Amino acid sequence: MKNINRIKEDENYTAVDLGNLDELMEYSLIHKVNKQKIEGKVFLKEATNSTGTEISFNSLAAKTEQPYFHIHYKNEETYIILKGSGFFQVDGEYFKIKEGSVIRVAPAGIRGIRNDSDETMIYMVVQSKENSLEEYTTDDGERVTFNPKW
C-alpha cells in the first residue's frame, strides 16, 4: 500500500502529497463496515486533519464498477470525475459521466459508479453533512493584506 506523504503543517494547515493520481490503484484499505479490502481509494480526513469534510480520491480499473451500492445517513457526497467515462446510478436512474462530470447525491440516494472506458477512471468524492454549509465563498471570507514569501 502506498503512503501519503506529509509536505508541511502547522496550526492553520496540513499539506499532503498523494503522488501521481494515475497510481491510485496502489492505495488500499479495509472497509470499516464490510471488512473487505478496497483497492484504489484513499481517504484524506485524517491525513489532512479535516474537521468538516471527508475527501477521497478513487480509481476504478477499466471496464469495472464500484463493488457495492450505498447510502449515507447524514452526509451528502459530491463526485468529481477527473479521468475516464462510464455511468453513474442514483436510485433507479442512470446516466453517462465523463471527465468534468460533477454529481451531488443526497444522503438517502442509493448510488453506484461504473467505468466503461478502456482507461482507469479517477474521481474524487467530497463528503459533508447535508445542510451544514451556512456561508461560503465571499460570504465567509474577508480580504487581508499579506506579504507573500515566494
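Only the coordinates and a few stated rules stand behind these numbers; no lab work does. Since we're looking at a predicted model, the values are computed, not measured. In this analysis, Cβ positions are derived from the backbone assuming ideal geometry, glycine residues included, and neighbour counts consider all displayed protein chains.
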TODO: Could you please find all residues in the stretch 115-134 being over 26 Å from Lys74 (Cβ atoms) and in contact with a strand residue (DSSP E or B) (Cβ under 8 Å, 6 or more places away or on another chain)?
DONE: Asn115, Asp116, Ser117, Glu119, Thr120, Met121, Ile122
Open item on the list: Filter the stretch 49-95 down to the residues that are of a type in the set (Asp, Glu), more than 15 Å from the chain's Cα centre (by Cα) and either surrounded by 14 or more Cβ atoms within 10 Å (Cβ to Cβ) or in a strand (DSSP E or B) (or both) and list them by number.
Closed with: Glu65, Glu93
- [ ] Assess whether Ile122 counts as being out of contact with any Lys or Arg (no Cβ under 9 Å at 6 or more places or on another chain) and closer than 21 Å to His31 by Cα.
- [x] no
Task: From Lys83, Lys35, residue being in contact with a helix residue (DSSP H, G or I) (Cβ under 9 Å, 6 or more places away or on another chain) and farther than 12 Å from Val125 by Cβ - done: Lys83
Task: Members of the stretch 19-48 found to be assigned to a loop (DSSP other than H, G, I, E, B) and closer than 20 Å to Lys83 by Cβ, listed by number - done: Gly19, Asn20, Tyr27, Gly40, Leu44
Open item on the list: Can you tell me which of (1) free of Cβ contacts under 8 Å to residues at least 40 places away in the same chain; (2) out of contact with any Asp or Glu (no Cβ under 9 Å at 6 or more places or on another chain) is the one His70 doesn't meet?
Closed with: (1)
Task: Search result, residues across the stretch 118-149 that are of a type in the set (Phe, Trp, Tyr) and part of a strand (DSSP E or B) - done: Tyr123
Task: Unmet requirement for Thr14, which otherwise passes all of (1) assigned to a loop (DSSP other than H, G, I, E, B); (2) surrounded by 11 or more Cβ atoms within 10 Å (Cβ to Cβ); (3) more than 15 Å from the chain's Cα centre (by Cα); (4) of a type in the set (S, T, N, Q) - done: (1)
